[in-house]
Ligand code: KG4
Ligand code: ZN
């Protein structure tokens, strides 16, 4: 039980939130999407500079919205890995400084742990063990959550992450950035069966396929080739392409996740990361899980994409276990969970 203020600056959102146990008291997210949009992706140097500009405002807004004072907090947390180093440094330095000034413990949180614990904020009764499908711009992971701090990575992507595939396909169809929400919307007016696309199975040296790993780069290339071929013939049926692509991703992720939960005897699946907002993935996964009597929990949309409430929630779990970080903790661009 604890009240934690957390900062998240690992990529292109400057976010600060205060969480009491599993209750969000305030959550501020300053998105940099507009800044990076014209480059078609996140520019690391611009991201760090923008975090610096926004962090103080986000901190005071989060405190004001919560109605608390610094004295009411039990600890100050920040995402410390993985992510863009310059961007992470802004959040971690601010959190460490505030922890020292207000004499509070500092907690460094793994970004993926944040996505795992996002589901706790809407499901106060949820507890391990469960399977977490984490699908974001940087990750496509199936994580067996045994307990807080005890995770087993059962499946991952061999190349592009699911969100990255959405962003790249949107870019090659000239739809804009970030691609996920744009494709999600456009796919509603397209035919998901218009074009059969490869599911990207991973062959194993001993024969057969890896049951849980994914590969989306072949799918992206298939959309590119198809687009080029269709362009030679005339107009490109963008909505049908978007719908066929999205349907393939939703089917692949659903198949692998359900198989994984069944193999490990897990009756609960949680989904986190930006792609958890995808309407078709939600539909497919809920329908398949129901058939096997498995519960699936999706966080509310605003907690699927990067935010600091999920980081604070993970920090509450660590704080409760006395798991405090050293003030010398370094940021890291990559770190296994
Ligand atoms: O979790 P997130 O905010 O940041 C990372 O940690 O990466 O995820 C961002 C990703 C982007 O690639 C974005 O295109 C994707 O999530 N995304 C979606 C949807 N909303 C966001 N992908 C598919 N459907 C959506 N509705
Ligand atoms: Zn994320």
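The values are calculated or read from the model by the stated rules, or taken from the named source; none is laboratory data. Everything numeric in this text was worked out from a predicted model, so none of it was measured. Note: ideal-geometry Cβ built from the backbone for every residue, glycine included; neighbour counts use all protein chains shown.
For the subset of the stretch 287-315 comprising residues that are under 25 Å from residue 209 (Cβ atoms) and part of a helix (DSSP H, G or I), which member is farthest from ligand 2 (Cβ to nearest atom)?
291
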Of those in the stretch 264-320 that are out of contact with any helix residue (DSSP H, G or I) (no Cβ under 6 Å at 6 or more places or on another chain), modelled with pLDDT under 95 and closer than 25 Å to residue 84 by Cα, the residue surrounded by the most Cβ atoms within 10 Å (Cβ to Cβ) is 306
Note on the stretch 188-233: residues in contact with a strand residue (DSSP E or B) (Cβ under 7 Å, 6 or more places away or on another chain) and not in a loop (DSSP other than H, G, I, E, B) are 203, 209, 214
In the stretch 321-334, residues that are touching a helix residue (DSSP H, G or I) at 6+ places or on another chain (Cβ under 9 Å) and closer than 20 Å to residue 137 by Cα total 3
query = With respect to residue 133, is the statement that it is within 16 Å of ligand 2 (Cβ to nearest atom) and over 20 Å from residue 84 (Cα atoms) true?
reply = yes
Per the filter on the stretch 1-60, residues within 14 Å of ligand 1 (Cβ to nearest atom), over 14 Å from residue 308 (Cβ atoms) and either in contact (Cβ under 8 Å) with a residue 24 or more places away in the chain or not in a loop (DSSP other than H, G, I, E, B) (or both) are 33, 36, 37, 40, 41, 42, 44, 47
Of the residues in the stretch 268-297, those that are free of Cβ contacts under 8 Å to residues at least 40 places away in the same chain and either away from ligand 1 (no atom under 16 Å from the Cβ) or not assigned by TED's automatic domain parsing to the domain that holds residue 212 (or both) come to 287, 288, 289, 290, 291, 292, 293, 294, 295, 296
